[in-house]
Structures are given as structure tokens and as C-alpha cells.
Amino acid sequence: MTDNEEYQIQDQSVEIRKLLAEMDQLFDDFGAWLGGQKDAESGGFYYAASSRRMLGGAPDIESTAQALNILERCGWLAEVSAEMKDGCIRFFQSRQEASSGYFYDENPLMREDEVMVARAISYSLNALRKLGGQPLHALPYEAQQAPSYMSSPEDYLTWLKSVELTNSWRGCDRLSTSSVYVKQVETASRRAEFAQTAFDFFANNQDPLTGLWGEGSYYVRISGTFKLHIFYDHFGMTLPREERIYQSILYALRHEEAVDMCYIRNPIHLLSYMKLSISPEDLREIIAITLANMKRLLRADGGFSRELAHSPSAPNVAQVKEGEYYPGMPKAVHIGGGEVEGDMNAGTQALLIRSVCYQLAGQKAPPLTNGPMFIGMKRN
């Protein structure tokens with residue numbers, strides 16, 4: 001390495017540290033915003049401030065689990081009182097249906113979206129584990145309530161082939177959430193059969209040029225690929241064609257507008273998962289673009305919105321924009337007012353983005369000091 005090259009690397013490192021420090025400032029009022037979403041009566045958390053004002057609005061499974069993830073990632077969970085933890089445990093336990101083992105929100109439309117239903121199992125189980133609690137009833141597979149496509153690997157393959165990938169994000173989300181049921185298969189050998197069926201299907205449908213799956217813009221396809229990486233990660237497998245995926249990520253960051261927090265988080269999270277060697281110059285550019293995109297979604301209440309115009313009205317199905325709905329999918333599971341405000345989905349993603357950016361720079365993110373008042377942390 002020449003002296004000039006070494007100086008360039010040092011300059012990039014200095015710039016990266018400045019960018020990360022600037023990113024930290026986006027979270028000055030984040031703890032106060034998080035505290036505002038807590039519901040003392042139910043033990044859960046609201047999706048957004050407007051959720052409190054909506055007719056029928058209530059704390060929901062995903063937002064409560066995401067709030068716990070935020071508390072854990074910030075190092076604040078240990079400071080939460082035993083009483084509050086018990087309240088959260090009761091919240092998740094109260095959402096489990098005894099007959100089926102599924103976890104459901106109060107909003108009946110939630111049951112109509114298979115992604116939200118499957119994801120609620122993982123969210124609830126992980127949250128209960130963090131809190132030292134347990135589900136009160138048998139899980140869906142144990143209660144023989146798993147989807148019919150889990151009857152055999154052949155039925156599973158038929159279902160995989162039926163999933164529409166016109167919108168990569170939505171389609172891959174459906175494919176990925178099936179891992180919840182694959183992981184519950186009783187025997188290791190049978191479980192491996194189901195998993196291999198999925199991996200073979202994924203391999204046959206990956207674009208060899210971009211490394212992505214399905215159709216849509218680069219950000220939509222990267223988001224779909226991120227969803228599939230969750231499936232691979234559940235079984236300790238590596239995504240195929242990682243270098244192709246990396247080049248697609250760089251193209252999206254440089255040429256497309258990140259109109260959704262997921263478009264900011266998903267590329268960054270994919271990079272951390274793939275653990276590729278990233279040059280200091282590329283990393284500085286990636287973090288700089290990421291920071292600029294995050295600034296556009298920071299709101300006056302201290303939180304972040306999922307979308308540029310406003311927060312969507314739901315944490316999940318809102319990722320499929322108007323006009324892109326498919327048969328059998330509810331148009332919205334409304335739990336917020338869709339206002340220009342912070343929402344829990346965007347908040348947990350923004351915090352993860354910060355953590356991953358530090359990780360990519362070979363550093364550990366420093367703790368945020370301005371925590372929510374319910375854990376007794378003083379505001380500056």
C-alpha cells in the first residue's frame with residue numbers, strides 16, 4: 001500500500017466517524033417518543049401517537065415486540081421494572097388463542113393477512129423469551145393448526161410455486177414467513193426435507209445477474225431478497241450470489257429514491273448479513289446516503305416515519321402500495337391515523353440502521369442516553 005492510499009483510507013475513516021456522530025444526533029428525542037407509545041393499562045405499546053385517537057385503536061403485537069427490541073438494543077430493557085415486564089408478558093399471553101395457538105391482535109382484519117399472522121408467532125415468542133415468560137397454550141403446529149401446505153414437502157412446494165412474485169417484497173415476505181412453520185416440524189429429518197424444498201425452489205428462481213428475486217424496482221427486489229435472507233438465516237444458510245446482490249444494493253443506493261424506511265434498512269441489514277469485504281470508500285458512500293435518507297424521515301415528535309409523506313396506517317400490509325393489492329389480501333389493517341408522525345415500525349428500523357452502520361465501520365454503537373421516562377432516565 002502506498003502512502004497516498006493509506007492517507008485516503010485514513011481520510012475515509014475520519015469521514016465515516018463524522019457521519020456516524022451526525023447519525024447519533026437524529027436520536028436526541030427518540031427515547032421520549034418511545035415512552036409516549038406505552039399503554040399502562042394493557043401492558044402493550046401503540047404503533048403511533050395517532051393510534052390512541054383512532055376508534056378501536058389499540059396496542060398491537062408487532063409494535064409491542066418492536067418496542068421491546070428497541071429497549072433491548074439500547075440497553076434499557078434491564079432498567080424496566082418487574083411490574084412493567086409482567087404487564088408485557090400478560091399482554092402477549094392475552095393475545096394467544098387457546099384453540100389454535102395463534103397470536104392475534106384485537107383488530108379482526110389482522111387475521112386476514114397471513115404474513116402478519118405468521119410473524120405474530122415469532123414476535124410473541126421472542127418477546128416472551130426476553131421477558132422470562134411463556135405462551136399459555138400449544139403453538140399452531142403442536143395444536144395441529146399449521147397451514148394445509150405443511151402436510152408434506154410436496155404440498156409445500158406446490159404452495160411455494162403459487163406465491164405471486166410480481167411484487168418481490170410482498171411475495172418474498174410470504175415465502176419467508178413460512179419458515180415459522182418449517183421450524184416447528186417435529187423431527188429434524190422431516191424439518192430438513194421442508195427446508196431443502198424451499199432452498200431448491202429459491203435457487204431456481206433467483207436472477208443470476210442481479211442476485212435478486214421477483215419483480216419491481218431495485219429497492220422492492222432488494223426488500224424481497226432481505227425477506228428471503230431471514231429464511232436462510234433461520235437455518236444457518238448463506239445467500240447465493242452475494243457479490244451480485246452487493247452490486248444491486250450499490251445501484252439502488254445511487255440511483256433510486258428511498259421513499260420508505262424499509263428501503264433504507266433492508267440494504268444495510270443485507271450488507272451486515274452477507275459480511276462481504278467493503279472498501280472504505282464504498283462504506284463512506286453507503287453511510288452518507290443512508291444518513292441523508294434517514295434525515296428525510298425524522299419527525300418533529302422525535303420518532304421516524306415509515307414513508308416520506310407520512311406514516312402508513314399499518315405496520316405491515318401498508319408496504320404494498322395502493323393499486324398493488326392481490327386477491328385475498330386485506331387493503332389495510334388500520335391501527336394508526338397515517339399522519340406525519342413517528343411510528344414503531346420505522347423507529348425500530350432506524351435504530352437497527354444506526355447499529356448496523358457502526359458494525360460495518362468496525363465499531364460498537366455508543367449507548368443512547370436519553371431514555372424513556374418510564375424507566376426513570378432523566379431527560380437532558
Single residue of the range 147-164 satisfying the filter (open to solvent by 30 Å² or more (accessible area, probe 1.4 Å) and not in a helix (DSSP H, G or I)) that is nearest to ASN204 (Cα to Cα):
GLU164
Scanning the range 178-187 residue by residue, the ones that are surrounded by fewer than 21 Cβ atoms within 10 Å (Cβ to Cβ) and within 16 Å of MET237 (Cα to Cα) total 1
Within the range 271-282, can you find the residues that are within 25 Å of MET237 (Cα to Cα) and either over 23 Å from the mean Cα position of the chain (by Cα) or not small (Gly, Ala, Ser) (or both)?
LEU271, TYR273, MET274, LYS275, LEU276, SER277, ILE278, SER279
For the range 67-86, which residues satisfy the criterion of being open to solvent by 10 Å² or more (accessible area, probe 1.4 Å) and either in a loop (DSSP other than H, G, I, E, B) or touching a Pro at 6+ places or on another chain (Cβ under 7 Å) (or both)?
CYS74, GLY75, VAL80, SER81
Pick from the range 61-83, criterion within 16 Å of GLY342 (Cα to Cα) and of a type outside the set (A, V, I, L, M), ranking: farthest from the chain's Cα centre (by Cα):
THR64
Residue that is nearest to GLU281 (Cα to Cα), among those in the range 233-249 that are part of a helix (DSSP H, G or I) and open to solvent by less than 10 Å² (accessible area, probe 1.4 Å):
ILE249
Failed criterion for THR64 (all others in (1) in a helix (DSSP H, G or I); (2) modelled with pLDDT of 90 or more; (3) over 16 Å from LEU128 (Cβ atoms) hold):
(3)
In this structure, is ILE89 surrounded by 21 or more Cβ atoms within 10 Å (Cβ to Cβ) and of a type outside the set (Lys, Arg)?
no
In the set ARG296, ARG306, which member is farther than 24 Å from PRO240 by Cβ and open to solvent by 50 Å² or more (accessible area, probe 1.4 Å)?
ARG296
Only one of ARG254, ARG244, ARG190 is closer than 25 Å to LEU157 by Cα, more than 19 Å from the chain's Cα centre (by Cα) and not acidic (Asp, Glu); which?
ARG190
Within the range 166-225, tally of residues that are polar (S, T, N, Q) and assigned to a strand (DSSP E or B):
1
Failed condition for ALA252, given (1) over 29 Å from ASN107 (Cα atoms); (2) in contact (Cβ under 8 Å) with a residue 60 or more places away in the chain, with all others met?
(2)
Among the residues of the range 338-355, how many are touching a Cys at 6+ places or on another chain (Cβ under 8 Å) and polar (S, T, N, Q)?
1
Kindly list the number of the only condition in (1) in contact with a Gly (Cβ under 9 Å, 6 or more places away or on another chain); (2) under 25 Å from SER42 (Cβ atoms); (3) in a helix (DSSP H, G or I) that fails for HIS137.
(3)
When PRO267 is run through (1) at pLDDT 95 or above; (2) surrounded by fewer than 22 Cβ atoms within 10 Å (Cβ to Cβ), the failure sits at (2)
Which of the numbered conditions does SER272 fail, given that it passes all the others? Conditions: (1) within 25 Å of GLN247 (Cβ to Cβ); (2) open to solvent by 40 Å² or more (accessible area, probe 1.4 Å); (3) not aliphatic (A, V, I, L, M).
(2)
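The values are calculated or read from the model by the stated rules, or taken from the named source; none is laboratory data. Keep in mind it's a predicted model, so treat the numbers as computed, not measured. Glycine gets a Cβ as well: all are built from the backbone with ideal geometry, and neighbour counts include every protein chain shown. Accessible surface is based on the protein model in full, side chains and every heavy atom, while ligands, DNA and RNA are left aside. Shrake-Rupley method; radii C 1.70, N 1.55, O 1.52, S 1.80 Å.
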